[in-house]
Structure formats: C-alpha cells, structure tokens
Amino acid sequence: MTSEKTPPTSDPRPQFELLRQMFAEAMDAMQPAARFLEQTSFTKSMLRLPDGHEINLNSYRNVWVFGAGKGAFSLAEGMIQLLGKRLAGGAVIGPVSALPQPDATHTATGVYMLPGDHPVPGEHSLRSTEKLIEIAREVRADDLVLFALTGGASAMLAKPAPGVTMEHKRQRFRELLASGASIAEMNRTRKQLSAVKGGRLLEAFNGADVVNFVISDVPGNDLQTIGSAPTQPPHNAASAARLQVYNVMLATPEQNAAAIARKARAKGIRSHAMNAAFSGAMDNLVSMIVGDLESELRNRGQNGDTPPTLRIYFGEADLKVGPAAGKGGRNTHLALMLADPLHRLAQTRPGTHITLLSAGTDGIDGNTPAAGAICTEQTALLARKMNLDTAEYLTKFDSYTYFSQIDAIFQPGPTGTNLTDLQLILIH
C-alpha cells in the first residue's frame, strides 16, 4: 500500500480573505436599492425604466409601493428615495432581522415595513400579509402600484387558499424543502396552497396598473417562479394600449457572476463564469466542478508561471435531505462533497492550491446562521487529523458541524439581497 502524499502546506488565509472580499463587493454592488437607483430615474412627472419605457405619474391618482422578499426592504427604500412624497403609501414584507423597528411606518410616505418568516411561513408572514392586503384594498383602478419582488417572497407573503390551514401549508413547505425538488417545482405547489401567489394578489389592487421590480433568485429568471409570482398574470399578457402589468428585471445571478469576473480580471486574476445558472442535482454540479478543475489543472503552465484563476459557479442545486438530518444547508453540503476531490486534484499538480467559497447570496444557508463554508485542498487532511469522517458527516447532512470544528464557516450575516447560491473557486 502506498502512503498518501501530503501536499505542500500553504497559509490559506490570504485566499480566504480575497474570496470574502469578492463576495462582499459583489453583494454591495447588487443591493436592491442601488440597482433600482442606478437604472431608474424620475424627472418632473416621468418615471423612466431601465429599458427606456416612461410612465407619466400624473396620469394616475396615486402611486403605491408594495412588495415582499429578502431584498424587498432595500428595494422599497430605493423607491422611497427616488419618489418621496409622490407616494401615497403601501406595505412591504421583509426579513424580521432587517426590520427597522416593529411595525415601522416610513413617516414621509406611509409605507409600512412588515416582518416575514423564512424559510417556512409563520405568524409574522400571515399577519403581515393580512395587513398588506388591507392596505391594498385602498388602491383604485386609476392608481399605479410599484411592486418590489425578490427571493424569499414565497414564505414571507403567505395566506392559505380556501380550505387550506396554515399548519398544513407550513408542513408542505417543510416537506418541499427536504424533498430535493427544484425551486420551480416547489413554487408550483406553493401556488396551489396560496390565496396570494400565482397572480392572485393582483385582485387586491382592484385593477390598478402594476410595475414589478424584480431581483431574480432562480435559475432561468422565470417570472412565474420568482417569489411564486404573486403579481404575475399566469400568461404575462400586458395590453399594448394601456399598461397593466409591466416587469423590470433589476438584477440576475448572471449579472452578478459577470460583475465578479470583471473585478477579478482587474486584479490580474483570470476568470471563467458560467453563462447561465445551474439547475439540477447537486451530484451533477459536483461532477461539473471536478471536471472543470481537472481540465484547468492539465492546462496550467508547467513552470508555475500561470496566473491565479477564478472559476465562478452559481444557481440552485437540488439536494434531498435525509429524515435524521443534522445542521447544514446546500452550500456547506456542497463544500463538504468537494473536500476529498479538491485534495485529490491538488495532488495531481504539486504546488497548486485550490480554495473554494460556497455561499448563499442572501447570507443564510439552510437551518444555520452561516452563508456557507470555505474549503481547500487541505481541508480533508485537517479533518482526518481531527478524527472527522467526511463520509459520515455527509450521510448525516451535518456539514455545518463539520466545518465549524475546523473553523471554516463563512458567516457574513444577512446581505439584504438574494441571487441564488454562489461558488467562487480560486486556483493558484
């Protein structure tokens, strides 16, 4: 039996810090308020949208702000900053942790900021949705609604359909989260259980025109999937003569990845980003990453003169969780699945180091307070020295505990936005 060859040691902290910095810069650039204000302008009575479409606000009796999702507070603040006293009021549901103050009202505009639960709807979501609908009943057909929609709205905007109890709805959410179903499959089921999803919230606005400002957190950026489409007509049919529902996509995972790649190149780092968000089984994503890294290592210069390379992956991998699951989420689990492959890959090219940051762009990963984890070619060796069995922690779906013990948890806190999961892999 041949002994395992130990790769040259390297202080991983500079690489950790570089990836943390890249993540932080990306989330700052993708803040919903910033994206809204960068792409939208208001001059006199004209609201100009990113695609050049203009809306004359003077043609409406009132303009309202509504919304829901992890980034909805930020997006609504951008609307309030731009339009100020032109707004009649409204209601926005966002994370409890991001609430300015309990049942806060923006005093200048009367827009309520209300708490919502995530990932499973609870009493906060139910009460806040009832309050939002109550305020929406004041909207008339000759009004305009600006709707802030981001990921997380499926849980935060919650009102059971007739004949469905809140407890049944909550149980189905838990089952879906553990099932390994895709986000599109989950949200199709969520619509069936809801009185507000799948375009049903539009009924509360009494025929008013609606402009949806959207931050996408789903592969493919499907408007019928994001937030379970509360203000999206089933077939997205807008009248050419009179605006009914108009959609503005402010940020996508693809735009986020492309921006990270540009900034990395400016630092002298070669960068490769996926063209579209990944969707499918996590095993398939792991195979893709390993295959790409094998190719990358084969093609690197023989004399160590190849500059650092950053590979960028993003999307939402499906993971079916076992009944006795421990603590963890998609990102810590993915990092753990790659611990042994990264060690094996580095051995094929001595002197090469690989650093992975896998994180939820909302700052939350599964049932943990972390966004994800950092893993290197040395992680598996370090774990073995600490008598941690990687396979056992994978089987128990206890990846957060594993990475906590080797001090490799990534915990930036809630980011205020949501653009799917993100994997940054630095080869140097």
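Throughout, read-outs are computed from the coordinates displayed, never taken from laboratory work. Bear in mind that the values here come from a model prediction, so they are computed numbers and not experimental data. Virtual Cβ from ideal backbone geometry, glycine too; neighbours counted across all protein chains shown.
Hey, what's the Kirkwood Rh for segment 40-251 if you take every pair of different alpha carbons, in angstrom?
Over segment 40-251, the inverse of the mean reciprocal pair distance is 17.0 Å.
Apply the Karplus parameterisation 6.51 cos²θ - 1.76 cosθ + 1.60, with θ equal to phi minus 60°, to every residue of segment 335-346 and state each ³J(HN,Hα) to the nearest whole Hz, in sequence, with x for glycine and proline.
4, 5, 4, 8, 4, 5, x, 5, 4, 5, 5, 5
In terms of modelled amide H atoms, which long-range or inter-chain residues lie less than 5 Å from the amide H of Thr306?
Gly301
If the cut-off is 25 Å between C-alpha atoms, which lysines fall inside it for Lys396, apart from same-chain ones fewer than 8 positions away?
The qualifying lysines are Lys320, Lys327, Lys385.
Let me have the relative contact order for the chain, percent, based on Cα pairs under 8 Å that are six or more residues apart.
15
If each residue's Cβ is checked for other Cβ atoms within 10 Å, how do Glu17, Glu316 rank with the fewest at the top?
If I rank by nearby Cβ atoms, fewest first, I get Glu17, Glu316.
From the backbone phi of segment 327-333, what are the Karplus-calculated ³J(HN,Hα) couplings (6.51 cos²θ - 1.76 cosθ + 1.60, θ = phi - 60°) in whole Hz, Gly and Pro given as x?
Working through the residues one at a time gives 10, x, x, 4, 6, 5, 5 Hz.
From the mean inverse distance of alpha carbon pairs (Kirkwood) and the Cα radius of gyration, derive Rg over Rh for segment 153-305.
Rg/Rh: 1.11.
Express in % the proportion of alpha carbon pairs of the chain at distances exceeding 41 Å.
Of all Cα-Cα distances in the chain, 20 percent exceed 41 Å.
Give the relative contact order (percent, whole number) for segment 291-428; include only Cα pairs under 8 Å separated by 6+ residues.
Relative contact order comes out at 37 percent.
Arranged by the count of other C-beta atoms within 10 angstrom, fewest first, what order do Met46, Met166 take?
Least to most surrounded, the residues fall as Met46, Met166.
Mean separation of Cα pairs under 8 Å and 6+ residues apart, divided by the residue count of segment 15-142: what relative contact order is that in percent?
Relative contact order comes out at 19 percent.
Please count, across segment 40-251, the pairs of lysine residues with Cα atoms under 12 Å apart that sit 8 or more places apart or on different chains.
Taking the Cα cut-off of 12 Å, the pair count is 5.
Applying the Karplus parametrisation 6.51 cos²θ - 1.76 cosθ + 1.60 with θ = phi - 60° to the phi angles of segment 203-212, what ³J(HN,Hα) value in whole Hz is obtained for each residue in order, glycine and proline being reported as x?
Listing the rounded values in order: 4, 5, 8, 6, x, 5, 5, 10, 10, 8 Hz.
Neighbouring Cβ atoms within 10 Å as the yardstick, rank Leu177, Leu149 fewest first.
Ordered by Cβ neighbours within 10 Å, fewest first: Leu177, Leu149.
Rounded to the nearest 5, what is the percent of antiparallel bridges among the DSSP beta bridges in the chain?
45
Give the long-range amide H neighbours of Gly116: residues separated by 5 or more places, or on another chain, with amide H under 5 Å away, using H modelled in the peptide plane at 1.01 Å from N.
Under 5 Å from the amide H of Gly116: Gly94, Val96.
Can you give me the long-range amide H partners of Leu419? Hydrogens built in the peptide plane at 1.01 Å from N, cutoff under 5 Å, separation of 5 or more residues or another chain.
Here the answer is Thr361, Asp362, since their amide H atoms fall under 5 Å of that of Leu419.
With both partners inside segment 40-251, how many of the DSSP beta bridges are antiparallel, as a percent to the nearest 5?
25
What net charge is computed for the residues neighbouring Ala108, neighbours being all others with C-beta under 12 Å from the C-beta of Ala108, Lys and Arg scored +1, Asp and Glu -1?
+1
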